[in-house]
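The values are calculated or read from the model by the stated rules, or taken from the named source; none is laboratory data. Not measured: the values here are computed from a predicted model. Here Cβ is always computed from backbone atoms with ideal geometry, including for glycine, and neighbour counts include all displayed protein chains.
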Amino acid sequence: MPLTPATLTRHELIGLPARVAAASNQDLVGIAGEVVMETTRTLSIAASSESRRRTVSGDGERVWQVPKGDATFEFTLDGDDEQVVTVEGERLVARPARRTERTGDSKWR
């Protein structure tokens, strides 16, 4: 199944460029970078210091853990025409392996 805006929630998110478009915690809004890890309830986004107003020490990159259920994410899909897909985080709350299932009684079918 190819990665399209319609199938994004059924795919692996690690490696995709992402941005926090909205969140109940306003400190998380605007975080942008690459998804480096995913758990049932969080996305870990490696964000460069340019994506935030705060200064980040070290190599200029910080990994932010963002609660899925309390945020809205924008994912950028590369291709001939770069597309930005907005996803309510609540739709992503599930074990990654369970969310990406293709068969069975998965609610992600």
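Descriptive notes on the structure:
- If you check 29, 84, 56 for being at pLDDT below 85, hydrophobic (A, V, I, L, M, F, W, C) and over 10 Å from the mean Cα position of the chain (by Cα), only one passes: 56.
- Applying the condition of being part of a strand (DSSP E or B) and charged (D, E, K, R) to region 1-48 and asking which residue is nearest to residue 99 (Cα to Cα) yields 38.
- Close pairs from region 77-95: first under 16 Å from residue 34 (Cα atoms), partner acidic (Asp, Glu) and part of a strand (DSSP E or B), Cβ under 6 Å, at least 6 apart: 84/74; 86/74
- Residue list for region 79-95, restricted to those being buried (at least 16 other Cβ atoms within 10 Å of the Cβ) and farther than 9 Å from residue 68 by Cα: 85, 87, 94
- Among the candidates 41, 10, residue that is closer than 14 Å to residue 89 by Cα, touching a helix residue (DSSP H, G or I) at 6+ places or on another chain (Cβ under 8 Å) and at pLDDT below 95: 10
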